[in-house]
1. Yes or no: region A:335-353 includes at least one residue that is touching an Asp or Glu at 6+ places or on another chain (Cβ under 7 Å), more than 14 Å from chain C (Cβ to nearest Cβ) and not in a helix (DSSP H, G or I).
2. Name, by its number, the condition in (1) touching a residue at least 60 places away in the same chain (Cβ under 8 Å); (2) crowded, with 20+ Cβ neighbours inside 10 Å; (3) more than 7 Å from chain A (Cβ to nearest Cβ); (4) not acidic (Asp, Glu) that does not hold for C:Ser23.
3. When only residues in region A:143-182 that are of a type in the set (Phe, Trp, Tyr) and in contact with a helix residue (DSSP H, G or I) (Cβ under 9 Å, 6 or more places away or on another chain) count, which is surrounded by the most Cβ atoms within 10 Å (Cβ to Cβ)?
4. Out of all the residues in region A:99-135, which are aromatic (Phe, Trp, Tyr) and in contact with a Phe, Trp or Tyr (Cβ under 8 Å, 6 or more places away or on another chain)?
5. Can you pull out the residues in region C:89-112 that are touching a residue at least 12 places away in the same chain (Cβ under 8 Å), more than 13 Å from every other protein chain (Cβ to nearest Cβ), surrounded by fewer than 16 Cβ atoms within 10 Å (Cβ to Cβ) and in a helix (DSSP H, G or I)?
6. In the set B:Ala268, B:Ala264, B:Ala300, which member is surrounded by fewer than 17 Cβ atoms within 10 Å (Cβ to Cβ) and part of a helix (DSSP H, G or I)?
7. Can you find a residue in region C:137-151 that is outside any helix (DSSP H, G or I), in contact with a helix residue (DSSP H, G or I) (Cβ under 6 Å, 6 or more places away or on another chain) and away from chain A (no Cβ under 14 Å)?
8. When region C:61-75 is examined, which residues are found to be over 27 Å from A:Arg258 (Cβ atoms) and free of Cβ contacts under 8 Å to residues at least 40 places away in the same chain?
Amino acid sequence: MTSYFNEMYQGKSVRVPYARLQDWMNSMPAELRQMKQAEAEALFRRIGITFAVYGEGGDPDRLIPFDMFPRVFSGAEWAKLERGIKQRARALNAFLVDVYGRGEIVRAGRIPARLVYLNEAYEKAVVGFVPPKGVYSHIVGIDLVRTGPDEFFVLEDNCRTPSGVSYMLENREIMMRMFPDLFRENRIEPVDSYPEILRRTLASVAPMKCDREPTVVILTPGHFNSAYYEHSFLADLMGVELVEGQDLFVEGEFVFMRTTEGPRRVDVIYRRLDDAYIDPLCFRPDSMLGVPGLMDVYRSGGVSICSAPGAGVADDKAVYTYVPEMIRFYLGEEPILNNVPTWQCGKDDDCKYVLSHLNELVVKEVHGSGGYGMLVGPKATRDQVEMFRGRITANPHNYIAQPTLALSTTPTFVAEGIAPRHVDLRPYCLVGERIELVPGGLTRVALTEGSLVVNSSQGGGVKDTWVLAE
Amino acid sequence: MLSRTADNLYWLARYLERAETSARLLEVGARIALMPSAAGYRNEWESLLHASGTANGFAKKYGDAVQRNLESWFFFDTDNASSVMSCITAARENGRIVRTALTTQVWDALNTAFQELRQLERRPRSELDLSTLTDWTMRNTALVRGSIDATLLRNDGWDFLNLGYYLERADNTARLMDVKYYVLLPRLEFVGSGLDNYQWTTLLRAMSSHRAFHWAYGGEVTAAKIAHFLILNPQCPRSLITCVEGMTSHLDRLSRGYQRKTFAQDRARSLQAELAELRVEDIFEEGLHEFLSRFIGDMARAGSVIRDCYLNGDVR
Amino acid sequence: MLLTVDHVTRYFYDQPVRGVVQSHRLMPSQCAGQKVLKWKVSVSDGQMGGGFRDGAGDWVQGWTVLGPVNEITVHVTGQVDTVDQAGVLRGHKELTPPDAYLRKTHPTDADTGLAALADGLTTAKDALSAAHDISARVSDAIVYTPDTTNAHTTAAEALAQGTGVCQDQAHAVIAVCRHIGLPARYVSGYLLVGIDGAAHDAAHAWAEVFIAGLGWVGFDPANRCCPDDRYIRLGSGLDSLHAAMIRGIARGQGEESLDVSVTVQAAQTQSQTQQ
């Protein structure tokens, strides 16, 4: 039986960050808890947060369960995480500028050329382009798990358009409304500056040809997209327009939006649309969601696109293995946050090991997301294991494997009362002229007992994430 | 403001008003159907279907014009693009797209209407009589309208919402009158008959205006008085002149706010000037049906001018 | 050789369209053996947009036309002094790593038929002769026959029917080369036709293959040769779509039709007689 690190209890004693929550928890009888839970749900429904985390599909009108028991970090714990996350975000951006430039890391033999240049996310169309401030990935979502008091692992990086940040903000908003006393008793770092920092970050990467206060917009695939709520929520809080591709057009050297008062120039586009769809003249010719001619304007310095097209090559699961190498290569530092040891089935030795240890490992598709296309060895049936054995043998390059991590748990309200459930963490690091991180993030929790899969499509919920002021 | 946002707001209002019209049409039909049938009458329900422009769709789906089916058709049926269900769904979807341009109150009212309607739909039809359905519609559209008036910022978005309301309402008033005059009344010799008056009264009721009418005019119900009331009287909230005045004033607000005039202002102003000088005799001289057809055409053109000047995204 | 180019592309719309946006690869490459004396691209009613040199060394130029228009004309005229480089692309500045041209695309995906064209060939000993062999085999297997394929035909389809045009042949060479691990790409340009009565297509396309130690080398299966001083190179890409001289899109309901005329002439004799 694996033992799991419980973030609240150390043996019988309560760990310091959670000290004040003990009383709160005990002071809440079941009826009050249920009432509060219903109140929270009504609030979520009322504001209309019903969206799935990006790429997870599912019913767009579904609510992701919200667990009221907060997840807490001490200031010291967070300080280390923050340094590690920022370090990683810098290295990932340095890598992107490099592989679309001279490719020094490849020439130096620190990462295989094929892994980068044959990667589907490697965009030939941006080779030779250095985006403003040398930033490709402006919002880096880094998925972390914890296995001990001081042991954190990076599970994956999200360099394109990590979603879920609206949950971070709404979870906090709802907790403050429902339990104001908690916020008086605990000194909790605020997260509500996120939209303003995001706007500032985006404005700081205005294009070369922009000689005025930049106009920022959010580009959404449209109101049928499962994350539409998040897009409109962010646009509203940032005070910028939420546009669809059809609202934008290229004229001459610039991009404009169609307004009731005529064309208005747009300088920075925070797109929530995949590369393939943003410009039918450069990528998929059949895309109706994008803006024809956008890439020509982008590359000639008339508009900025965030994240920059091509950023995806840094968050590929096979490239992930090399992030510690990137940190050493570009920054000359040792990684502060660990990678999960990863076997690449594309390597013969690794593949052999994986195939003979399928029962112990987690196997993932290189390009998969959202907990689909994944084998959790210790929990899998014999058939599932055999199915994956077949798939890996047929296409080894498409798979990586990792040890089953003993994800930490935090107390969570469940039907029977309070019980430990496994959690992960996604903080959102903003990269522009400066690198900033609001103290908090999205904590996802596996609500099913014993489950290690926190994805909302697989029965996961969310929690408010606290960082205590020192 | 984004042209598409303005367009969504404009259509949000148009759909809400249209939902109301479908409910009113249903009410007119039901009341007229209560009259004893006279030989040679066309089936009133058929007439209403023709008036709403959905007769073919109905015939294909239901065949005979039985009241129960008509209730479904005008109320719940999503195959009918003008049904209350279709309109409320479309209004709510337009609202969801521009959620951030609305206040919580407006969104709440709109979203609640949509959710309730979906629950109504699940109830056995036998529990729902017609007045429940029409009352529900009036109440909910009024709630949204009220939240808009009470809470929304008076910016350009508010103008586009109101343009949608007034344009749709003018069109609907004209159509309802035309139904009465041209479609419902079987033969010319019925003009001035008891049937004629009964139908006019029904129409006024359907527009929630019969009391207002009596206060304003008193005495006998005549076609001339009603035409005056519904076309030329600026006190009547649904009269054509009220709607055109509303459009003009919102277009003027837009031109002031944007500091630029468009063809839309000219268009609305000339329509308003025409109505202001018109006497009810002129209308009957031209022929009520002819006048109404012309007006409906004018409104359609006004709508397309507004689209070209503000909504279609090609504004320079 | 002094080559003059006159290339007119007309787009017609049966209903006026609200606007047109285009992205051009219409400037001659900056490389050895290609000296541009005059070059002009114009777009009727067009506004020149952003332009840049991409990672593959091509000049990409955006254009927009504000509608309503029924017709637009893209006119390219110019004069280039060319010198035969035996097919080798020299003095061409580019940053894109050759490995990036190993990626499959839909029209250049090698099926078993295409893979079979590589039988017995390896890159290990002599990549250059392998590439020559592949080009020759493609010329035999896909016989140049106009109007038997369209813009969307894949290399595999062309091979299956045994006929095609320069686009199909170039796609096939690319597919087979990539199949044996040779980076390959699609090149669009102009060709002086008619000197020996055999050359095809004045607006032309061929393949380039990356040979370690030598660089990018052109192969023209349509004319069974390597590009020489009759060729003007414009741009390259993973396949015909990505190397297209003009990519464009119109906003509106109008149905588009197209008329292209290209004249490439050797100007030497003419300029001599004029003196």
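1. Taking every residue of region A:335-353 in turn, at least one turns out to be touching an Asp or Glu at 6+ places or on another chain (Cβ under 7 Å), more than 14 Å from chain C (Cβ to nearest Cβ) and not in a helix (DSSP H, G or I).
2. (3)
3. A:Tyr167
4. A:Tyr100, A:Phe129
5. Across region C:89-112, there are no qualifying residues.
6. B:Ala300
7. Yes, some residue in region C:137-151 is outside any helix (DSSP H, G or I), in contact with a helix residue (DSSP H, G or I) (Cβ under 6 Å, 6 or more places away or on another chain) and away from chain A (no Cβ under 14 Å).
8. Once the filter is applied, which keeps residues that are over 27 Å from A:Arg258 (Cβ atoms) and free of Cβ contacts under 8 Å to residues at least 40 places away in the same chain, region C:61-75 yields nothing.
The values are calculated or read from the model by the stated rules, or taken from the named source; none is laboratory data. These numbers were taken from a predicted model, which means no experiment stands behind them. Positions of Cβ are generated from backbone atoms using ideal geometry, with glycine treated the same way; all protein chains shown enter the neighbour counts.
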